[in-house]
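One structure below.
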Amino acid sequence: MAYPSVREMLAACQAEHLPLHEVILRSDLAESGLTREDSLAEMHRMWSVMCRTSAEYREEDRSNSGFAGGDAAKVEAAARAGLLLGGDYLNQVLAEALKTAECNACMKRIVAAPTAGSCGVLPAVLLPLWRAGLADEEAVCRALYVAAGFGQVIAARATLAGAEGGCQAEVGAASAMAAAALVYLKGGTAEACAEAFAMALTNLEGLVCDPVAGLVEIPCIKRNVIGAMNAVSAADMALAGVVGHIPADEVIDAMAEVGAAMSRDLRETGIGGLAGTPTGQAIREIVTMAQEEA
Amino acid sequence: MRLFDVLGPVMTGPSSSHTAGAVRIGLTARKLLGEPPARAEILLHGSFAATGRGHGTDRALVAGLLGMQPDDARIPGSFALARQAGLAFSVGTIALRGAHPNTAVLRLEGSTGHRLEVVGASIGGGRIRICSIDGITTDFGADQDTLIVHNQDSPGHVATVTACLSGHGINIATMQLYRSAAGGKAVMVLECDEPIPEEVAVYLRRQPGIVKVTTLNL
């Protein structure tokens with residue numbers, strides 16, 4: 001069974017003298033009935049799809065609405081020209097988050113991680129490390145188990161749906177999962193993974209889901225960027241020994257409470273927030289008119 | 001939630017509810033029809049109607065009707081593939097009272113003339129519910145092997161069906177009964193732990209008072 005708390009997940013590592021990814025893998029085998037080989041093969045398949053989505057990104061692709069596409073290529077061009085502030089890794093994280101999220105908007109194949117709207121976060125932080133030879137596929141897959149295990153706790157205690165918890169439950173959750181995965185890849189302890197997870201989730205607490213015209217485009221694509229960047233920051237803080245003071249489980253509970261208190265207009269209805277701005281409304285008009293003409 | 005529901009599924013974007021779930025509604029309707037559809041009238045309700053084109057909901061439903069899974073890379077091109085496959089379809093909108101915001105009505109005619117109307121809702125994360133079949137309320141997720149029996153509302157049909165399943169060693173996981181009115185049309189939905197063999201459907205179709213038998217094997 002999935003762990004109902006991060007505390008119990010970490011305690012299982014201690015009690016069974018097993019690494020975190022192994023504890024998570026075993027808990028899922030008990031629940032899903034998959035064999036170990038099936039589960040590992042499935043995780044490698046998830047990773048191969050993440051790689052392929054990025055590889056098959058095309059600068060010229062546009063979404064049905066016409067509002068999404070081409071941004072990752074701009075970032076890559078600017079990075080090559082030396083115009084950007086971040087270093088090599090951060091520039092790639094930025095470009096990869098946009099790439100996968102734009103591919104999603106353009107109806108290409110992605111891995112929902114944990115959702116389609118937040119699919120760019122995990123590949124964004126992992127792909128650059130893998131490409132640079134800093135993590136092999138086996139290590140990446142172990143880190144993906146860790147990410148998924150933390151995600152399962154969010155699903156158990158709160159929600160992974162923007163319609164229920166706002167964007168904090170999608171990009172926030174993806175970011176926290178990615179932070180834990182990064183710390184694990186860098187050889188951090190299970191406790192440090194939990195700290196990174198808690199800090200990443202904390203920093204996106206309260207983020208609302210306000211998609212313009214109801215589409216997974218504005219602001220969702222760029223929110224994948226903040227999710228990825230936030231994951232790197234939280235992982236770096238945890239690797240440096242910084243702690244967030246509020247335990248991971250309590251942060252998840254707070255996220256659930258904040259999501260429940262959020263106005264319905266701010267939970268994937270396309271009514272409030274950015275969707276309700278004059279420009280957001282105007283874009284909705286354009287999209288609706290195009291739909292009626294079709 | 002299972003691990004590969006958190007990290008996964010692999011799907012064609014952009015939306016698990018408006019795209020992946022829509023494919024599953026189309027695919028389930030095709031399986032319920034029991035043959036490739038030749039004609040389809042697709043009606044979108046609520047958020048499906050408002051944002052369906054931007055999310056590719058229309059193409060996703062057609063892709064499902066063609067037998068595609070939610071991770072099929074051909075989903076964006078499903079309209080052209082439908083023409084090649086001989087599926088004539090139309091897409092419109094409908095306003096249903098009290099329906100889930102992500103609901104589609106599919107009116108299908110199969111290659112041998114079978115007709116079926118399915119109402120399906122996409123309830124989040126790619127999961128769906130089949131809300132009605134041929135105008136009679138149902139509520140099942142189409143994620144288990146399922147037997148659907150339309151019958152006259154008269155005594156004995158439940159016993160006939162359950163005895164037949166038990167005779168074939170099939171365990172019933174859940175069972176729902178619906179009817180339009182006392183003595184009117186009734187529907188039984190049985191979610192099972194094993195696939196339903198064709199001989200069960202053939203046997204039940206011969207029983208008096210049973211109007212229609214549909215199987216959904218995953």
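Descriptive notes on the structure:
- Of all residues in the range A:1-41 being surrounded by 15 or more Cβ atoms within 10 Å (Cβ to Cβ) and hydroxyl-bearing (Ser, Thr, Tyr), the one that is modelled with the lowest pLDDT: A:Ser32
- In the range B:4-23, the residues that are more than 7 Å from chain A (Cβ to nearest Cβ) and either among the hydrophobic types (A, V, I, L, M, F, W, C) or more than 16 Å from B:Pro101 (Cα to Cα) (or both): B:Asp5, B:Ala20, B:Ala22, B:Val23
- Selection from the range A:212-224 of residues that are at negative phi and surrounded by fewer than 24 Cβ atoms within 10 Å (Cβ to Cβ): A:Ile218, A:Pro219, A:Lys222
- Residue check: A:Met177 meets all listed conditions (1) assigned to a helix (DSSP H, G or I); (2) modelled with pLDDT under 95 but one, namely (2).
- One residue stands out in the range B:121-139 among those that are in a strand (DSSP E or B) and within 14 Å of chain A (Cβ to nearest Cβ): the one that is farthest from the chain's Cα centre (by Cα), namely B:Gly124.
- Any hit, the range B:81-96, residues being more than 14 Å from chain A (Cβ to nearest Cβ), within 28 Å of B:Arg2 (Cα to Cα) and in contact with a Leu (Cβ under 6 Å, 6 or more places away or on another chain): no
- Flag if B:Ala73 is within 10 Å of chain A (Cβ to nearest Cβ), surrounded by fewer than 23 Cβ atoms within 10 Å (Cβ to Cβ), assigned to a loop (DSSP other than H, G, I, E, B) and of a type in the set (A, V, I, L, M, F, W, C): yes
- Qualifying position, being more than 24 Å from A:Met289 (Cα to Cα), more than 13 Å from chain A (Cβ to nearest Cβ) and at pLDDT below 95, among B:Leu66, B:Leu27, B:Leu33: B:Leu33
- Restricting B:Val189, B:Val211 to those that are touching a residue at least 60 places away in the same chain (Cβ under 8 Å) and assigned to a strand (DSSP E or B) reduces the list to B:Val211.
- Some residue of the range A:164-174 being at pLDDT 95 or above, away from every other protein chain (no Cβ under 11 Å) and surrounded by fewer than 22 Cβ atoms within 10 Å (Cβ to Cβ): no
- Summed over the range A:9-20, residues that are farther than 14 Å from A:Cys193 by Cα and either outside any helix (DSSP H, G or I) or under 23 Å from the mean Cα position of the chain (by Cα) (or both) total 2.
- Conditions (1) at pLDDT below 95; (2) in contact with a strand residue (DSSP E or B) (Cβ under 7 Å, 6 or more places away or on another chain); (3) away from chain A (no Cβ under 14 Å); number of the one not met by B:Phe48: (3)
- Options A:Gly241, A:Gly206, A:Gly259, A:Gly214; residue that is small (Gly, Ala, Ser) and in contact with a Ser or Thr (Cβ under 6 Å, 6 or more places away or on another chain): A:Gly214
- Residue count, the range B:11-66 (criterion: without any contact (Cβ under 8 Å) to a residue 60 or more places away in the chain and not in a helix (DSSP H, G or I)): 6
- Search result, residues across the range B:132-176 that are of a type in the set (S, T, N, Q) and without any contact (Cβ under 8 Å) to a residue 60 or more places away in the chain: B:Ser132, B:Thr137, B:Thr138, B:Gln152, B:Ser154, B:Thr160, B:Thr162, B:Ser166, B:Asn171, B:Thr174, B:Gln176
- Matching entry among B:Val158, B:Val118 (being over 17 Å from the mean Cα position of the chain (by Cα) and either assigned to a loop (DSSP other than H, G, I, E, B) or more than 30 Å from B:Leu7 (Cα to Cα) (or both)): B:Val158
- Test for A:Ala68: is it under 30 Å from B:Gly54 (Cα atoms) and touching a helix residue (DSSP H, G or I) at 6+ places or on another chain (Cβ under 8 Å): yes
- The helices (runs of 4 or more DSSP H) found wholly in the range A:54-142 and carrying at least 2 residues that are farther than 28 Å from A:Gly270 by Cβ and within 19 Å of the chain's Cα centre (by Cα) occupy A:88-105, A:121-131.
- The residues listed here are A:Ala198, A:Ala192, A:Ala161, A:Ala135; of these, the one that is touching a helix residue (DSSP H, G or I) at 6+ places or on another chain (Cβ under 9 Å), touching a residue at least 40 places away in the same chain (Cβ under 8 Å), of a type in the set (Gly, Ala, Ser) and facing another protein chain (nearest Cβ under 10 Å) is A:Ala161.
The values are calculated or read from the model by the stated rules, or taken from the named source; none is laboratory data. What you see is a predicted model, and the numbers here were worked out from it, not measured in a lab. Reconstructed Cβ throughout: ideal geometry from the backbone, glycine too, with neighbour counts over all protein chains shown.
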